[in-house]
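Encoded as C-alpha cells, here's the structure I'll be asking about.
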Amino acid sequence: MEISVQTIRETLLQVVDEYSKKGTGSFQQDAILHEVATRLGFRRNKDLEQILLTVWYELFRNGYLDWGLDLYNPGPPFVHLTSN
C-alpha cells in the first residue's frame, strides 16, 4: 500500500488536534509522531518516517505549531498550537 504525503499530513493534523485536546501531558513530539506512524502502519520504514518528519517541521515553519508548553517547559519535546 502506497501512502501519500497528503495522507500523512491529514493524519498528522488529526493526531495533533486530538492530542492538543487531551491535556498538557500528552502533547509531545514523540507521542504524536509515533501515533501517526502507528495509525498509518509504517513504523520502521525510513522513507515514510522522513516524509512524516518533513511534514511535521512544515507545521512549525508555517506557524501552526511552536515549541514549548509553558515557562517551565519552554522547548522540545513539548509543543503547542499557535494562534495562526
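What is the one condition in (1) open to solvent by 70 Å² or more (accessible area, probe 1.4 Å); (2) in contact with a helix residue (DSSP H, G or I) (Cβ under 9 Å, 6 or more places away or on another chain) that D30 does not satisfy?
(2)
Are there any pairs, at least 6 apart or on different chains, whose C-beta atoms fall under 6 Å, with the first in the range 63-84 and over 12 Å from S20 (Cα atoms) and the second open to solvent by less than 70 Å² (accessible area, probe 1.4 Å) and among the hydroxyl-bearing types (S, T, Y), and if so, which?
G63/T82; D66/T82
How do the pairs read when you match residues in the range 43-57 that are at negative phi and surrounded by fewer than 16 Cβ atoms within 10 Å (Cβ to Cβ) with residues anywhere that are assigned to a helix (DSSP H, G or I) and not basic (K, R), using Cβ under 6 Å and keeping only pairs 6 or more apart or on different chains?
R43/A37
Would you please name the residue that is modelled with the lowest pLDDT, looking only at residues in the range 1-58 that are over 24 Å from P74 (Cβ atoms), polar (S, T, N, Q) and not in a helix (DSSP H, G or I)?
In this case the residue turns out to be N45.
The values are calculated or read from the model by the stated rules, or taken from the named source; none is laboratory data. Remember, it's a predicted structure, so these values are computed and weren't measured experimentally. When we count neighbours, we look across all protein chains shown, and the Cβ atoms used for this are built from the backbone with ideal geometry, even at glycine. Just so you know, the surface numbers come from the protein's heavy atoms only, side chains and all, with ligands and any DNA or RNA stripped out. Shrake-Rupley method; radii C 1.70, N 1.55, O 1.52, S 1.80 Å.
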